[in-house]
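Written below as structure tokens is the structure these notes are about.
The values are calculated or read from the model by the stated rules, or taken from the named source; none is laboratory data. Computed from a predicted structure; not experimentally measured. Each accessible area value is taken on the protein alone, full model and side chains, heavy atoms only, with ligands, DNA and RNA left out. Shrake-Rupley method; radii C 1.70, N 1.55, O 1.52, S 1.80 Å.
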Amino acid sequence: MLARDTSGGLFAESTRARTPAASAPYSKQPVDWFEMGESWSPRLEISAGGLRQMEALGQSGEYYALLITANELKWRHEAMIELGASWEWPEYQPHISIQIRGDIDLSKVEPYQGKIVLGPEIFEEVREAETELTGREQRTSGAVTVHR
């Protein structure tokens, strides 16, 4: 469990992200996946503690995420941008997406403070936000979301 609602409830199963994922980057600009290379390590361990916070992300705050500090994710994001990937936000904040929409008071959510272990990078075609939320599978060929 990466976050717990301190009012006693847990994140709703029906709105939980398919798999909690740390994305770096989410590029709508098509790229050659092989040109993106590979991360420095297939496994990333983030020590317990440190700065962590729950926040609503996305154009309308539809993604609930655990913000984390992880220089390795920032460096990988920057390297992919330099290789031609796009990023539509003013800055990149390492995070783990936990839930899509839902009626959650994030001020009552306690961020997970334990050790986090992220697996290897997984490249997938981008699904537009609206189709992600509705479950329809419209994908943008060549565009990429890379997550662990």
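Table for the structure above
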| item | result |
| --- | --- |
| Set of lysines near Lys74 by C-alpha distance (under 20 Å), chain-local residues within fewer than 8 positions excluded | Lys28, Lys115 |
| The range 17-81 - Rg over Rh from alpha carbon coordinates, Kirkwood radius | 0.97 |
| Per-residue SASA entry for Lys28, accessible area with 1.4 Å probe, Å² rounded to 10 | 70 |
| Accessible area expressed per residue, the range 26-88, with surrounding protein chains retained (probe 1.4 Å, Å²) | 62 |
| Stretchable slack from Leu83 to Glu124, in nm (0.36 nm times residue separation minus alpha-carbon distance) | 13.1 nm |
| Rounded accessible area of Trp87 (nearest 10 Å², 1.4 Å probe) | 60 |
